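Quick notes on the structure that follows.
The values are calculated or read from the model by the stated rules, or taken from the named source; none is laboratory data. Nothing here was measured: the structure is a model prediction, and the numbers come from that model. Don't worry about glycine lacking a Cβ; one is built from the backbone with ideal geometry, like all the others, and counts go over all protein chains shown.
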Amino acid sequence: MAPRTSAEKPLETAYVLHRRPYRDSSLIAELLTEDNGRIVVVARGAKRPKSGVAAVNQLFQPIAAAWSGKGEMGTLTRAEPLGPPRLLQGQVLFSGLYVNELLVRLLPRHAPCPEIFMLYSEVMSGLSAAGSDDSAIQRELRRFELCLLQNMGYGLDLEHVADGGSRIDETASYLYRHDLGLTSFDGSVGAEQGVVVSGRTLIAMRTGTLQESREFSEAKRLMRFVLSVYIGPRPLNSRQVFRAFSHHGKRAQ
């Protein structure tokens, strides 16, 4: 192993969230690092199999990375795989891409976030273990979304109603609005201003016990609505790719 230069940072555990081609043989990569949060680096020669930074080609797998530079974009100097590749397929692959894109869109650069780094490691392990179990995949994604918002300071109160502070009742319905949070809903007016969700679903989300199809559907719709205010109007690429893949699969059957 080559000695570290004076300008190079020590090896740090990281995950590759996104990479795109740069010139003939290089990549620009977004990394989630253990100690420095989200950073952007150029990986020169990364497309060459014997390059010292070729490990940056592998998504979802932890790597040991070192880089130099103090500006917005550093230069990756080393990237070594930590363990065998994590090869995700099918719905798990698209779920992993969705998680990665959320972090790229929501996390500021160069802001240490050890809790989110650990959360990412946990959700990748959970998705890998879920396999083709759709329910397990959805539970992992909803848990990740809730914990991500919590760690960013935008956590949802899934235990109490905003208007009055009473506890969520599993037999009641509630309306979530960006400006008010969860409020009691009697079915008369206001549904178009937010998302209606049952108390049963809210409790299942809080306890990590989503099971029924209605709960999964309501939880997904609620989290998509909540996240929209932070993501902005530009669609997520991972959702578009998944829809196109699903549509192609149905036509092929």
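Side notes on the structure shown:
- Filtered residues of the range 175-192 (kept if within 17 Å of R221 (Cβ to Cβ), within 26 Å of the chain's Cα centre (by Cα) and free of Cβ contacts under 8 Å to residues at least 40 places away in the same chain): L175, R177, G181, L182
- Residues being among the aromatic types (F, W, Y) and under 16 Å from A191 (Cα atoms) - total across the range 152-175: 1
- Taken together, A54, A43, A29 contain a single residue that is buried (at least 19 other Cβ atoms within 10 Å of the Cβ) and more than 22 Å from the chain's Cα centre (by Cα), which is A43.
- Criterion: over 14 Å from Y15 (Cα atoms), surrounded by 18 or more Cβ atoms within 10 Å (Cβ to Cβ), touching a residue at least 24 places away in the same chain (Cβ under 8 Å) and assigned by TED's automatic domain parsing to the domain that holds L227 - qualifying residue of R139, R109: R139
Quick grid of which residues meet (1) over 24 Å from P112 (Cβ atoms); (2) without any contact (Cβ under 8 Å) to a residue 40 or more places away in the chain; (3) out of contact with any helix residue (DSSP H, G or I) (no Cβ under 6 Å at 6 or more places or on another chain); (4) in a strand (DSSP E or B):
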position	(1), (2), (3), (4)
P21	yes, yes, yes, yes
R38	no, no, yes, yes
V41	no, yes, yes, yes
P49	yes, yes, yes, no
V56	no, no, yes, no
F60	no, no, no, no
G71	no, yes, yes, no
T77	no, no, yes, yes
P85	yes, yes, yes, no
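- The helices (runs of 4 or more DSSP H) found entirely in the range 164-253 that carry 2 or more residues being at pLDDT 90 or above and closer than 18 Å to L148 by Cα are 199-207, 213-231.
- Failed condition for V99, given (1) under 11 Å from L31 (Cβ atoms); (2) assigned by TED's automatic domain parsing to the domain that holds L146; (3) not hydroxyl-bearing (S, T, Y): (1)
- Enumeration of residues in the range 87-103 that are over 10 Å from S238 (Cβ atoms), in contact (Cβ under 8 Å) with a residue 24 or more places away in the chain and of a type in the set (A, V, I, L, M): L88, V92, L103
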